[in-house]
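Asks: Before I ask anything, let me first share the structure, which is written out below as structure tokens.
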Amino acid sequence: MLRGRRIANLGLGKATSLAYSVARIRSWRYGEIEVVSGKLNAIYPRWWPKMASEWEAIRDLVLRPLPTDVCRVYYSFPLRSPGFMAVLYAHSGPNTRFNTLRRGVSSVDEIAAIWDVQAIVCEATNKRLTERLLNRLGYVRHATSLGKNNYIKRLK
């Protein structure tokens, strides 16, 4: 897993703090947030967006489970939708605590504030993500024509 991350970030580095890396984070259109034990470990830039599928989610669950209490969130700022942030994929282990998930969500919110976006959109297709939990996190159901699992968090 580390080898793939090094190739994907070739020459881009990483950010370990949101406060001290605002200019760097603002220059990365695609990225990965890694939260370990409730604390932000790093934000890795990516050259291309993470293309997730149901097959990849099953593969991650079975073949590439994460260590205890780790959450990774992949995001992008689509060229076709300026002013929006898309949460493309979130990967967490079976023993990931709510505190770690909450820190991942707050990191997404902070990056959205750095980019000054209007809204964050995502498609939640996990049994552990209920509509009640997403509402507590500030997300509401959106674009039912695209499917029943599309959510948006409006920031402005």
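Asks: Near the amide H of residue 38, under 5 Å away, which other amide H atoms are found, from residues 5 or more places off or on another chain, if H is placed in the peptide plane?
Replies: 100
Asks: Grab the Cα-Cα distance for residue 130 and residue 61, subtract it from 0.36 nm times how many residues apart they are, and report the gain in nm with one decimal.
Replies: Separation in residues times 0.36 nm, less the Cα-Cα distance, equals 23.0 nm.
Asks: I want the local charge near residue 81. Using Cβ-Cβ distances under 15 Å, sum +1 for each Lys or Arg and -1 for each Asp or Glu among the other residues.
Replies: Within the 15 Å Cβ shell, the charges total +3.
Asks: Order these by the 10 Å Cβ neighbour count, fewest first: 47, 55, 28, 115. Numbers along the way, then the final one.
Replies: Numbers: 47 13, 55 8, 28 23, 115 16.
If I rank by nearby Cβ atoms, fewest first, I get 55, 47, 115, 28.
Asks: Taking the Cα atoms of the chain, report the difference between the largest and smallest coordinate on each principal axis, in whole Å and largest first.
Replies: 40, 36, 27
Asks: Once both labels are modelled 7 Å past Cα along the beta-carbon direction, what's the residue 143-residue 27 spacing in nm?
Replies: 3.0 nm
Asks: Please rank 77, 98, fewest neighbouring Cβ atoms within 10 Å first, as an exposure proxy.
Replies: If I rank by nearby Cβ atoms, fewest first, I get 98, 77.
Asks: Taking the number of other C-beta atoms within 10 Å as the exposure measure, put 131, 54, 110, 32 in order starting with the fewest.
Replies: Values: 131 14, 54 8, 110 17, 32 22.
Neighbour counts put them in this order, fewest first: 54, 131, 110, 32.
Asks: Here is a further query. With a cut-off of 8 Å between alpha carbons and a minimum separation of six or more residues, what is the relative contact order of the range 2-124 in percent? Please report the intermediate quantities before stating the final value.
Replies: Values: 215 pairs, mean separation 31.9, N = 123.
Computed value for the range 2-124: 26 percent relative contact order.
Asks: Continuing with the same structure: Picking from 20, 139, 44, which is most flexible by a Gaussian network model of the chain using Cα springs under 10 Å?
Replies: Of the options given, 20 has the highest mean-square fluctuation.
Asks: Could you run the Karplus curve 6.51 cos²θ - 1.76 cosθ + 1.60 with θ = phi - 60° over the range 145-154 and give me ³J(HN,Hα) per residue in whole Hz, x for Gly and Pro?
Replies: 5, 8, x, 8, 10, 8, 10, 9, 10, 7
Just so you know, all these numbers are worked out from the coordinates, no wet-lab data involved. Keep in mind that what you see is a predicted model, and the values were worked out from it rather than measured. Backbone-built Cβ (ideal geometry, glycine too); neighbour counts: all protein chains shown.
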